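Take a look at the structure set out below.
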Amino acid sequence: MNSTSIITIAIAVLAVLGLGVVLTATRRSDIKGVGSLSRETRKRDRNAAKVARNSSRDAENLGVASRSAVAVMPPAEIETWVAPDAEALGETRRAFLNRATVTLMSASLGGFAAALIAFLWKGAEGGFGSKINAGKIDDVIGQIRSAGGFLYLPEARSWVTEYPKEAISKAEVAYGKQGAVFAGMNAGVVALYQKCPHLGCRVPNCTTSQWFECPCHGSQYNRVGEKKGGPAPRGMDRFGVSVNNGMMVIDTGAVFGGPPIGTNTTGQEAEGPHCVGGAGKH
């Protein structure tokens with residue numbers, strides 16, 4: 001290849017390269033023109049941002065001022081108190097409860113007092129604590145004998161037994177000071193309170209020994225209530241008896257203390273096996 005061909009080829013290459021440079025510069029200028037903002041646009045954007053910052057700052061300052069401000073309320077108007085009309089108000093709940101409580105309490109106390117008075121009242125007839133009509137004296141003695149020597153009268157809370165006439169002289173010495181008790185013995189009977197003088201247990205009779213024998217602590221008494229054994233401090237307590245026109249009356253309004261330990265006006269000993277323990281000692 002001669003020098004002329006080489007120069008021709010070099011010139012062609014340089015032309016192609018120059019054309020490429022020109023095209024590339026033109027494209028960059030177009031791209032720069034498309035993506036860039038004008039001066040007026042940028043100024044408008046800066047003014048808008050400034051206005052936005054000022055608005056935000058003003059809103060924040062307004063919020064701070066509103067939070068720190070103290071609300072002042074107008075003074076309240078006080079109305080003059082006027083007492084309510086009692087007739088218009090009627091019965092209040094508290095007054096109703098107070099009156100109901102007082103009424104119920106009064107009724108309860110009144111009922112209790114009436115029951116207590118009725119319990120303690122000693123009427124002319126009927127009920128323990130009054131004079132009990134036991135019937136004809138002859139009929140009472142007959143009932144004692146038919147019952148095996150012991151007659152229990154629940155309305156008088158007492159045992160009625162027959163007192164032997166042959167022991168009246170001894171009874172007068174032992175019970176003469178208890179006139180109402182001795183009067184019953186003189187009529188042939190004795191009314192014994194059912195309670196044991198030891199601790200108040202009800203004393204039953206023992207049909208085999210023909211004594212009264214307390215099941216609680218073993219106190220023993222003969223048929224007329226004189227102590228024969230056990231821890232009791234005396235004989236069985238008793239009631240006064242009166243006989244009017246053949247009618248026997250037991251006065252349960254007064255209790256006479258039993259005879260002291262060692263009193264034995266009838267001399268009755270156990271007539272058979274004891275129902276409670278063995279024969280005690282004084």
* Asked: Residue check: is residue 183 part of a strand (DSSP E or B) and small (Gly, Ala, Ser)?
  -> no
* over 45 Å from the mean Cα position of the chain (by Cα), part of a loop (DSSP other than H, G, I, E, B) and either touching a residue at least 60 places away in the same chain (Cβ under 8 Å) or over 18 Å from residue 175 (Cα atoms) (or both), is that true of residue 259? -> yes
* All but one of (1) assigned to a loop (DSSP other than H, G, I, E, B); (2) touching a Gly at 6+ places or on another chain (Cβ under 8 Å); (3) surrounded by 16 or more Cβ atoms within 10 Å (Cβ to Cβ) hold for residue 264, so report the exception by its number. => (2)
* Asked: Has region 138-159 got at least one residue that is surrounded by 21 or more Cβ atoms within 10 Å (Cβ to Cβ), more than 15 Å from residue 225 (Cα to Cα) and not aromatic (Phe, Trp, Tyr)?
  -> yes
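For every residue, the table says whether it meets (1) hydrophobic (A, V, I, L, M, F, W, C); (2) in contact with a strand residue (DSSP E or B) (Cβ under 8 Å, 6 or more places away or on another chain); (3) surrounded by fewer than 22 Cβ atoms within 10 Å (Cβ to Cβ).
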{"site": "173", "(1), (2), (3)": "yes, no, yes"}
{"site": "200", "(1), (2), (3)": "no, no, yes"}
{"site": "203", "(1), (2), (3)": "yes, yes, no"}
{"site": "211", "(1), (2), (3)": "yes, yes, no"}
{"site": "215", "(1), (2), (3)": "no, no, yes"}
* Asked: Just a yes or no: is a residue in region 96-115 at pLDDT below 70 and either assigned to a helix (DSSP H, G or I) or exposed (fewer than 10 other Cβ atoms within 10 Å of the Cβ) (or both)?
  -> no
* **Residue that is surrounded by the most Cβ atoms within 10 Å (Cβ to Cβ) [pool: residues in region 160-171 that are of a type in the set (Val, Ile, Thr) and assigned to a strand (DSSP E or B)]** => 160
* If you take the residues in region 207-220 that are within 45 Å of the chain's Cα centre (by Cα) and not polar (S, T, N, Q), which one is nearest to residue 264 (Cα to Cα)? -> 212
* To do: Could you tell me whether any residue of region 193-204 is in contact with a Ser or Thr (Cβ under 7 Å, 6 or more places away or on another chain) and assigned to a strand (DSSP E or B)?
  => yes
* To do: Looking at (1) among the hydrophobic types (A, V, I, L, M, F, W, C); (2) surrounded by 15 or more Cβ atoms within 10 Å (Cβ to Cβ); (3) in contact with a helix residue (DSSP H, G or I) (Cβ under 9 Å, 6 or more places away or on another chain), find the lone condition where residue 180 falls short.
  => (3)
* Asked: Among the numbered criteria (1) in a helix (DSSP H, G or I); (2) touching a residue at least 12 places away in the same chain (Cβ under 8 Å), which single criterion is violated by residue 239?
  -> (1)
* Of the criteria (1) surrounded by 14 or more Cβ atoms within 10 Å (Cβ to Cβ); (2) in contact (Cβ under 8 Å) with a residue 40 or more places away in the chain; (3) out of contact with any helix residue (DSSP H, G or I) (no Cβ under 7 Å at 6 or more places or on another chain), which one residue 272 fails -> (1)
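For (1) within 43 Å of the chain's Cα centre (by Cα); (2) β-branched (Val, Ile, Thr); (3) farther than 22 Å from residue 272 by Cα, each residue gets a yes or a no:
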{"position": "165", "(1), (2), (3)": "no, no, yes"}
{"position": "184", "(1), (2), (3)": "no, no, yes"}
{"position": "189", "(1), (2), (3)": "no, yes, yes"}
{"position": "195", "(1), (2), (3)": "yes, no, yes"}
{"position": "226", "(1), (2), (3)": "no, no, no"}
{"position": "231", "(1), (2), (3)": "yes, no, no"}
{"position": "252", "(1), (2), (3)": "yes, yes, yes"}
* With respect to residue 124, determine if the residue is exposed (fewer than 10 other Cβ atoms within 10 Å of the Cβ), within 30 Å of residue 251 (Cβ to Cβ) and modelled with pLDDT under 70. => yes
* Give the residues of region 160-219 that are in contact with a His (Cβ under 9 Å, 6 or more places away or on another chain) and among the basic types (Lys, Arg), sorted by residue number. => none
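The values are calculated or read from the model by the stated rules, or taken from the named source; none is laboratory data. All figures in this text were calculated on a predicted structure; none of them were measured in a lab. Positions of Cβ are backbone-derived with ideal geometry, glycine not excepted, and every protein chain shown enters the neighbour counts.
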